[in-house]
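Asker: Questions regarding the structure given below will be posed in turn.
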Amino acid sequence: MSELERGLLAGLVGGLYLLFCLWCRYRHRRAVPHGGDGDILVAYASQTGTAIKLAQQSARALNGRARLMPLNQVDSRLLSQMRQALFVASTCGDGDAPDNAAVFTRRVLDGKAAKLPHLRFAVLALGDSQYPDFCAFGQRLHAQLAALGAQALAGPLLVDSARPAAANQALAGWREQLQQWWGQAPVEDSELPEASTSHWVLQARSHLNPGSPGEPLFHLRLSAATTQARSWQPGDIAEVTPPGCDIARHYSIASLPEDGSLDLVIRRQRDAAGRPGLASGWLTQELGCGAGITLRISDNPLFRPPATDIPLILIGNGSGIAGLRAQLRWRELHGGGRNWLLFGERDPASDHPFAGELDRWLESGHLDRIDLAFSRCPERARYVQDMLRERAATLAAWLADGAVIMVCGSRLGMARGVDDTLVDMLGRPALEALIRQDRYRRDVY
């Protein structure tokens, strides 16, 4: 197929899918009730669910006056109607907006939004002071609303997840401010949700890609050290703090409790001098089988699998296979559904994590199809986003059937490439429609 033919096909796919999205949006608006009809907007920007929980607590504290929704559902028209608003905003990546605020950011903050002199607002900004872009999105949101003429009730209130005691003190101040501003008695205490620690034992560790030109990838299986170990759901995150380090590392859990182990997939990282990374070196090399490990399991409600009657398109690379594997295991246990995996790695001769399991799922029909891309293939080097473009017609058909796209893996490489490719193929409005419909979910790092 020539470049011209590919361009015409992509344009046709994007146009047809945009019409489908507009029809879905019409149905969605008719079928889904708004998040309350109160006179105070409570909008949240959340990547892992913490901001959602705090926004819900704030909304309940307003005793029926709140209209609760994700930022992506807030547009200039709604802002022109509201007189009071609370924003609970997390920061992800390099100071970026969470996915469920990305549409709002492009259309309102970065666009030519109308002035908002009538709006009184406050921002609760969530972040981690161990990272350089602490609360960057929340502070940016506050500054740009003020630049549009909105009246700040107070400066942005910064909540530091790295300092739980200080964070909870800040949240107590938030409750007091709600009462001062609107005279509402809080119905409950607002506290930063904190995952409890649990104790595990390294049961087994296997090298998934021997001979790969890339860094080694390992599959770790952990067994509960006590009967008190907490459960988890697909999409949840294991937080591990290695010895001698104050910052926890976050890993997508690759298994379900029904599997009898908590599985992780970890690539050994190296610094500029070639030394193994502090966390990945300890987990993949120094920690011996039978040794204990303490970790926290954090909820990640925005990366849950859809119902099994909804087709699922899974896209990832490298250690991102962990989060995708958990989704497929859940779908297998709960009735299957249509599943399509697009996965990228380096070398076709050695980089095939969980090949036996994936082949079994393909043979049984649990996976409708698998498409693999290898960036160092001598015959045809390509990335997962290249393969996605080659499957334009198939992608359009699955999306027309209501499919959800879930992406897991590297944020700056694969995930950004996939995002750019979907914009090229479908158009920005169609991709934003997917995001608003919760049909484009990402767990990227």
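The values are calculated or read from the model by the stated rules, or taken from the named source; none is laboratory data. Quick caveat: nothing in here was measured; it's all calculated off a predicted structure. Here the Cβ is made from the backbone with ideal geometry for all residues, glycine too, and neighbour counts use every protein chain on show.
Asker: Here are some conditions: (1) in contact with a helix residue (DSSP H, G or I) (Cβ under 9 Å, 6 or more places away or on another chain); (2) assigned to a strand (DSSP E or B); (3) within 22 Å of Ser46 (Cβ to Cβ); (4) not β-branched (Val, Ile, Thr). Pro305 meets all but one. Which one does it not meet?
Answerer: For Pro305, the exception is condition (2).
Asker: Given the conditions (1) within 24 Å of Cys135 (Cβ to Cβ); (2) in contact (Cβ under 8 Å) with a residue 24 or more places away in the chain; (3) not in a loop (DSSP other than H, G, I, E, B), which single one is not true for Arg67?
Answerer: Exception for Arg67: condition (1).
Asker: If Gly344 satisfies every condition in (1) farther than 18 Å from Val418 by Cα; (2) touching a Ser or Thr at 6+ places or on another chain (Cβ under 8 Å); (3) crowded, with 19+ Cβ neighbours inside 10 Å but one, which is the exception?
Answerer: (1)
Asker: Inside segment 276-293, can you point out the residues that are farther than 21 Å from Thr226 by Cβ and under 29 Å from the mean Cα position of the chain (by Cα)?
Answerer: Residues satisfying the conditions are Pro276, Gly277, Leu278, Ala279, Ser280, Gly281, Trp282, Thr284, Gln285.
Asker: So Gly335 clears everything in (1) out of contact with any Cys (no Cβ under 9 Å at 6 or more places or on another chain); (2) outside any loop (DSSP other than H, G, I, E, B) except one condition, right? Which one?
Answerer: Condition (2) is where Gly335 drops out.
Asker: Scan Arg380, Arg436 and give me the residue that is modelled with pLDDT under 95, charged (D, E, K, R) and within 26 Å of Phe104 (Cβ to Cβ).
Answerer: Arg436
Asker: Looking at segment 222-279, what strands (runs of 3 or more DSSP E) fall wholly within it and have at least 2 residues that are surrounded by 16 or more Cβ atoms within 10 Å (Cβ to Cβ) and in contact with a Lys or Arg (Cβ under 8 Å, 6 or more places away or on another chain)?
Answerer: 237-240, 262-267
Asker: Let me spell it out: the conditions are (1) assigned to a strand (DSSP E or B); (2) closer than 16 Å to Pro98 by Cβ, and Ile405 meets all of them except one. Which number is the exception?
Answerer: (2)
Asker: If you don't mind, another one. State whether one or more residues within segment 405-421 are buried (at least 17 other Cβ atoms within 10 Å of the Cβ), under 20 Å from Ile253 (Cα atoms) and either assigned by TED's automatic domain parsing to the domain that holds Ala102 or among the basic types (Lys, Arg) (or both).
Answerer: Yes, segment 405-421 has at least one match.
Residues are listed down the side, and each one gets a yes or a no for (1) assigned by TED's automatic domain parsing to the domain that holds Gln327; (2) under 15 Å from Leu328 (Cα atoms); (3) in contact (Cβ under 8 Å) with a residue 12 or more places away in the chain:
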| residue | (1), (2), (3) |
| --- | --- |
| Leu342 | yes, yes, yes |
| Pro348 | yes, no, yes |
| Pro353 | yes, yes, yes |
| Leu358 | yes, yes, yes |
| Trp361 | yes, yes, yes |
| Ile370 | yes, yes, yes |
| Ala373 | yes, no, yes |
| Arg380 | yes, no, no |
